[in-house]
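See structure below.
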Amino acid sequence: MSEPLYLLPRLEPPLSSLLDAGEFLHPLVDALGSPLNVLLPERIAENVRRFRAVYRDHHLSGRVYFAHKANRSSALVRRLAVEDSASVGADVASLGELQHVLACGFTPDRIMATGPKDPDFLWLAARSGVTVNLDSPGELDQLAEIVRKYGLPRTDVLLRLSGFELGAAASGASGVRLLSRRSRFGSPIEEAAELLAAVERHRDAVELTGIAYHLDTTGLAEKVRALEQCLMVMDECRARGLAPRVVDIGGGFGVGYVADAGQWNRYTTALTEAVLGTRPALTWRGYGYGLRNEAGTLRGAAALYPAHRPDAGAGYLDELLSLASPLLGRPPATLLLEHLFDLSVEPGRALIDQCGASLARVLEVRRMGEGTGDYVVRLAMNAGDMSLEEHGVLVDPVLLPRPGGGGGESDAGPVGVFLVGNLCLEADLITRRMVFLPRLPRVGDLLAFANTAGYAMDFHAHQAQRQPVARAVAVTGEGGSWSWCPDEEYWPISHGGGVLS
Amino acid sequence: MRYDSITDVIGNTPLVRIDPAVHGLRHIDLYAKLEMLNPFGSVKDRPAWNMARPHLAAAAERDETVVELSSGNTAKALALLAGMHGLTFKSVTNRMRVPEIKELLLLLGAEIEELPGQSECLDPTDTDDPLTRFHQALSEPGSTYLHTDQYFNPRNTEAHATGTGPEIVKDLDGRAPDWFIACVGTAGSSTGVASVLRENDPRVRVLGLVADKSDFIPGIRTIDEVHQVGLFDPATYDTIEPVTSQEAIDGMLTLIRRCGLLSGPTGGAAYQGAVRRLRLVDAELTDSDRRTAVFIVCDRAESYLSYVRQRRPELLGAPRRGHHVSDLTDADVAAGAKTIGTGDARRWIADGQPAPLVVDLRGPHAYAALHIEGSVNIVDEVFDELVRGGLPFSKSRPVLLACPVGEKSARYAALLTRMGHPDVRSLTGGVVAWRDAGAPLVRE
Ligand SMILES: Cc1ncc(COP(=O)(O)O)c(C=O)c1O
């Protein structure tokens with residue numbers, strides 16, 4: 001085999017020390033079954049601290065709202081509930097999520113409802129007094145009707161805008177048009193005036209507290225432009241006598257999954273070479289992740305999450321706030337501060353960076369056909385339990401040898417394997433690429449997929465095939481001494497032990 | 001020299017020897033092909049003209065827009081050619097990361113469309129990438145575009161096979177050089193020149209230079225990106241090597257400061273990459289073996305000042321003159337700034353004899369939206385300029401400085417005090433504290 005192409009995960013405490021604690025994790029999986037999701041609620045508080053530090057450096061006030069959609073865990077939400085209520089909130093995108101965060105101890109003033117909303121969701125939001133981030137004029141009408149019909153208090157609303165590309169052209173102040181991907185969400189910014197008129201019409205039912213966007217892009221320039229245009233709409237609000245104070249810039253701050261830039265660069269280069277046929281395939285049946293070979297020229301775009309990111313999470317927010325904005329020239333942080341606006345952010349993935357891992361037991365190790373060097377490793381989990389591939393995130397699992405498991409000559413040294421799941425489906429590959437491990441795994445070893453708490457952990461899991469769905473546990477502790485409890489038993493003041501800690 | 005049209009000036013660029021004292025190669029004569037002396041300033045003048053020329057008249061009749069995926073030099077040449085023929089030019093790219101180039105293109109009348117960044121919530125089955133959409137739009141029936149298609153158009157390579165390459169051979173008295181070194185962007189210049197040189201002498205060695213994968217050099221591609229270029233054929237190159245932006249700037253500095261060649265970063269990358277490689281070759285040669293090498297200087301330095309500023313700020317650091325807030329330490333500010341809270345400030349404004357001049361240091365847009373009544377707006381950047389020369393206010397008039405949270409204003413208050421103003425105060429907590437205390441803000 002040529003040089004193994006590792007994509008080692010970025011690991012920070014306490015996840016790094018947890019994955020060293022095989023003697024703790026093995027019995028846990030033996031007792032609770034494979035797959036098993038492990039959550040580290042302490043780490044989410046550390047991530048909040050990093051976001052808050054960026055706020056502090058820029059003298060900004062406003063809340064960091066955890067976008068709950070990224071993980072269903074109770075432990076994570078409850079851990080956030082004990083953080084400072086003026087600076088940490090929760091973003092919910094369904095009726096169930098709203099019920100959940102209320103039950104986890106978030107008071108309604110710290111909750112924001114986003115995403116597509118049905119009438120029950122709108123009613124409970126308005127009934128309990130959470131802020132509604134409105135997606136469309138229709139939603140505004142519907143909310144106002146519910147508020148009136150059921151005699152509810154005036155509801156705080158934000159208007160979520162989209163389509164900033166046209167807005168830029170209309171403003172005419174720049175000859176450069178920044179194209180944006182079409183979004184299903186938010187109201188087009190050129191309809192902002194009509195929306196504001198509707199807000200005024202519904203003044204008895206709603207109060208406008210801010211303007212919002214969430215863009216599905218890693219591009220900073222698009223976000224700065226959107227932010228600046230939201231400021232213009234805030235201006236328009238003031239001119240109309242409305243008094244919103246919040247600019248909500250959504251989520252999408254990103255996570256760096258792979259530690260080493262060199263590994264990432266080598267891997268992606270090798271992948272293009274494999275697609276062009278100048279080196280052996282690196283993937284199951286030559287899957288190209290969206291890349292194609294057309295007569296020797298590479299076509300298509302690699303649908304890969306940029307797994308090595310020097311600036312992600314709080315660092316990305318800092319960069320976004322520090323760039324010069326195209327029209328007004330001053331950085332977004334300065335503009336927000338000078339206009340006396342609060343900043344809201346809704347990180348999902350970025351806030352649960354390093355907050356969890358998915359564990360699976362090795363069930364079978366098999367050579368595929370004579371003479372080929374390919375191994376298949378079957379795990380007690382399936383692609384629904386751990387969907388890094390589904391999100392285009394390429395990163396290696398960590399091998400946790402079974403304590404006392406015997407060693408053999410044949411399994412020494414690096415090896416490339418395909419990881420397959422426990423479903424009777426050709427398509428059930430946990431990795432579509434060959435994963436390189438430091439040695440061939442043995443039956444009974446564990447593979448730990450690090451940093452899966454954001455979207456990858458059980459996001460696509462279901463009961464359809466009657467395979468066990470992963471249980472989730474919250475673990476706490478440092479270094480040598482770990483304790484755990486079921487996710488639903490975790491409370492930040494007692495860690496599931498019933499005694500104030 | 002008299003010409004009928006600027007397009008007649010394209011090509012016939014000089015080949016200039018680099019002083020051996022500069023490159024230090026003992027057995028190799030190194031020459032720079034100065035494509036930067038083309039009339040529009042770059043190696044792209046030739047392919048732009050060659051690709052567009054056959055279609056411009058018809059395009060003008062149908063009032064088409066010339067479009068190209070270009071981050072700079074091709075766009076520049078095409079924009080000028082389009083303008084000469086009464087057409088507009090549009091560039092679509094996500095690679096235009098040099099602000100001066102963008103602004104220059106706007107000056108030339110180009111329209112620029114920047115492609116969006118990568119999706120955060122990835123869908124690996126999505127084939128609808130923005131570039132595909134762009135190509136679909138071009139090929140829609142009834143579309144009014146002239147797409148020069150530089151990454152796939154053989155007339156790009158042809159311009160160099162009929163121009164750049166033969167000129168090199170002619171200037172070397174009918175011989176091909178032993179080495180040819182070029183940066184790879186569209187692969188047009190390297191492919192075109194290499195083919196002609198090899199026709200002359202199949203032993204010519206060709207070195208292709210690409211940008212280091214985690215780095216950015218304007219106009220050239222990384223090793224992965226070159227594979228997306230239709231004109232790129234790995235067989236053209238004996239070796240492909242990466243160059244970093246720092247090496248490119250090193251090379252640029254040598255060419256500019258020691259050779260009098262006002263090269264941009266790509267030319268710098270070609271020089272640096274050439275010398276790095278040729279040193280190894282040189283070490284193997286004896287005194288009886290003389291070799292020749294040619295590299296291309298693609299364009300000029302002026303458009304890349306912000307590129308250099310970002311990566312080597314010390315090269316452009318102007319010495320500071322006059323007074324500046326950054327001369328003060330935090331301790332100087334703490335000791336020297338007089339401050340005043342919202343309540344006292346309100347009384348001072350209302351009853352002061354004389355009342356203070358209130359200066360709001362925020363941006364004009366924020367000031368216009370809401371401010372303390374009667375205040376004047378002097379944005380911090382402007383204020384910086386004003387105080388360099390001396391006190392901008394009479395000493396007889398007290399001054400109240402306000403910024404968002406009272407931090408910036410404290411620095412300026414300390415500075416003005418040090419400069420001799422008897423009564424400058426900073427609003428504690430700034431306009432934010434003023435607002436939070438319920439004091440009035442107006443919009444006029
Ligand atoms: C409105 C809104 N806010 C926040 C998020 C969270 O984004 P991320 O997890 O990328 O931070 C999303 C994701 O879809 C969203 O739609």
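The values are calculated or read from the model by the stated rules, or taken from the named source; none is laboratory data. Note that the coordinates shown come from a computational prediction; the quantities given were computed from them, not determined experimentally. Positions of Cβ are backbone-derived with ideal geometry, glycine not excepted, and every protein chain shown enters the neighbour counts.
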Practice item. Kindly provide the set of residues from the stretch B:218-251 that are closer than 22 Å to B:T93 by Cβ and of a type in the set (D, E, K, R), ordered by number. Key: B:R221, B:D224, B:E225
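Would you point out the residue of the stretch A:332-353, among those that are assigned to a loop (DSSP other than H, G, I, E, B) and facing chain B (nearest Cβ under 10 Å), that is farthest from B:E407 (Cα to Cα)?
Taking the stretch A:332-353 as the starting set, the residues that turn out to be assigned to a loop (DSSP other than H, G, I, E, B) are A:339-341, A:346-348, A:353.
Narrowing the set further to residues that are facing chain B (nearest Cβ under 10 Å) leaves A:339-341, A:348.
Details: A:H339: 16, A:L340: 15, A:F341: 17, A:G348: 33 Å.
Among them, the one singled out is A:G348.
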Check your understanding: Looking at B:V226, B:V204, which is the one that is within 14 Å of another protein chain (Cβ to nearest Cβ) and either out of contact with any Gly (no Cβ under 6 Å at 6 or more places or on another chain) or surrounded by fewer than 17 Cβ atoms within 10 Å (Cβ to Cβ) (or both)?
Key -> B:V226
Check your understanding: Residues that are within 15 Å of the ligand (Cβ to nearest atom), of a type in the set (A, V, I, L, M, F, W, C) and touching a residue at least 40 places away in the same chain (Cβ under 8 Å): which helices (runs of 4 or more DSSP H) entirely in the stretch A:11-98 hold 2 or more of them?
Key -> A:41-57
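Grab the strands (runs of 3 or more DSSP E) fully contained in the stretch A:408-485, keeping just those with 3 or more residues being of a type outside the set (F, W, Y) and touching a strand residue (DSSP E or B) at 6+ places or on another chain (Cβ under 7 Å).
Here the list reads A:415-420, A:446-450, A:471-478.
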Exercise for review: Can you run down the residue pairs with Cβ atoms below 6 Å, 6 or more apart or on separate chains, where the first is in the stretch A:186-199 and at positive phi and the partner is crowded, with 20+ Cβ neighbours inside 10 Å?
Suggested key: A:G186/A:R160; A:G186/A:L161; A:G186/A:S162
Practice item. For B:T164, state whether it is more than 10 Å from every other protein chain (Cβ to nearest Cβ), surrounded by 15 or more Cβ atoms within 10 Å (Cβ to Cβ) and not hydrophobic (A, V, I, L, M, F, W, C). Key: yes
Review point. Among A:L328, A:L276, A:L242, which is the only one that is modelled with pLDDT of 95 or more and either of a type in the set (D, E) or away from the ligand (no atom under 16 Å from the Cβ) (or both)?
Key: A:L242
Review point. What number of residues within the stretch A:354-406 satisfy the criterion of being within 14 Å of chain B (Cβ to nearest Cβ), within 16 Å of the ligand (Cβ to nearest atom), part of a loop (DSSP other than H, G, I, E, B) and of a type outside the set (S, T, N, Q)?
Key: 3
Exercise for review: Test B:Q353 against the stated conditions and say whether it is out of contact with any Lys or Arg (no Cβ under 9 Å at 6 or more places or on another chain), at pLDDT below 95, within 30 Å of B:G251 (Cα to Cα) and polar (S, T, N, Q).
Suggested key: no
Check your understanding: Restricting attention to the stretch A:252-300, which residues are touching an Asp or Glu at 6+ places or on another chain (Cβ under 7 Å), under 20 Å from A:G416 (Cα atoms) and crowded, with 18+ Cβ neighbours inside 10 Å?
Key -> A:T268, A:T272
Practice item. Might you let me know whether the stretch B:165-180 holds any residue that is on the phi < 0 side of the Ramachandran plot, out of contact with any Cys (no Cβ under 8 Å at 6 or more places or on another chain) and without any contact (Cβ under 8 Å) to a residue 12 or more places away in the chain? Key: yes
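A:E3: modelled with pLDDT under 95, over 21 Å from the mean Cα position of the chain (by Cα) and assigned to a helix (DSSP H, G or I), yes or no?
On the way: modelled with pLDDT under 95: yes; over 21 Å from the mean Cα position of the chain (by Cα): yes; assigned to a helix (DSSP H, G or I): no.
It is false that A:E3 is modelled with pLDDT under 95, over 21 Å from the mean Cα position of the chain (by Cα) and assigned to a helix (DSSP H, G or I).
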Check your understanding: For residues in the stretch A:34-73 being among the hydroxyl-bearing types (S, T, Y) and buried (at least 22 other Cβ atoms within 10 Å of the Cβ), which is nearest to A:A314 (Cα to Cα)?
Key -> A:Y55
Practice item. Name every residue in the stretch A:205-226 that is within 13 Å of another protein chain (Cβ to nearest Cβ), within 16 Å of the ligand (Cβ to nearest atom) and outside any loop (DSSP other than H, G, I, E, B), in order of residue number. Key: A:L220, A:E222, A:K223, A:A226
